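These notes are about the structure you will find just below.
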Amino acid sequence: MTKNTQLILDIINSSDDHPTAEKIYMKLKEQSSKAVLATVYNNLSKLHEQGLIRKISVEGQPDRYDNTVRHDHLVCKNCGSLTDIKLNDLTPQLMEQIEGEFLSYDLKINYICPICRKNGKK
Ligand SMILES: [Zn+2]
Ligand SMILES: [Zn+2]
């Protein structure tokens, strides 16, 4: 793993705000001033392929990145904010119904976040 790859992985693992590639790039620049955005994209796809990070896609928004500790997400339909939520692991139930192995699952629960609700969005 190159120095930049390690730095990018550290940035993602120490963030709890689901950073976009651009945000990761800004943070990487603070530590590695010669880094370019293309490096970030390359490393992100490599890390994702290796299963070291999670990619979260929300329609109409840039992809965001997250650590691989098992958790699910609440997605605000209005502002697109992501919030972590801990649900029971569905793996045993899925294995039973699929009759065998499956690759992974990624739950997104749509809702209207408290801030949007306060602003009267539905
Ligand atoms: Zn919202
Ligand atoms: Zn998360």
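Key figures for this structure:
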quantity: For segment 72-118, the fraction of alpha-carbon pairs in successive 5 Å shells from zero, as %; calculated: 5, 20, 22, 15, 13, 11, 8, 4, 1
quantity: Candidates 36, 75, 58, ranked by Gaussian network fluctuation over the chain, Cα under 10 Å, top entry; calculated: 36
quantity: Calculated from backbone phi, Karplus (6.51, -1.76, 1.60) coupling profile of segment 24-34 in Hz, x at Gly/Pro; calculated: 4, 4, 4, 5, 5, 4, 5, 9, 9, 5, 8
quantity: Cα-based shape type of segment 3-66, given that a ≥ b ≥ c are square roots of the gyration tensor eigenvalues and the cut on a/c is 1.5; calculated: prolate
quantity: Rounded, prolate or oblate (a/c below 1.5 giving rounded, otherwise prolate when a/b exceeds b/c) for segment 17-122 by Cα gyration tensor; calculated: oblate
quantity: Likely footprinting exposure, 10, 106, fewest C-beta neighbours within 10 Å first; calculated: 106, 10
quantity: Antiparallel bridge percentage (DSSP; both residues within segment 72-118; nearest 5); calculated: 50 percent
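Only the coordinates and a few stated rules stand behind these numbers; no lab work does. Computed from a predicted model, the values in this text were never measured in an experiment. Every residue, glycine as well, gets a Cβ built from its backbone with ideal geometry; the counts of neighbours run over all protein chains shown.
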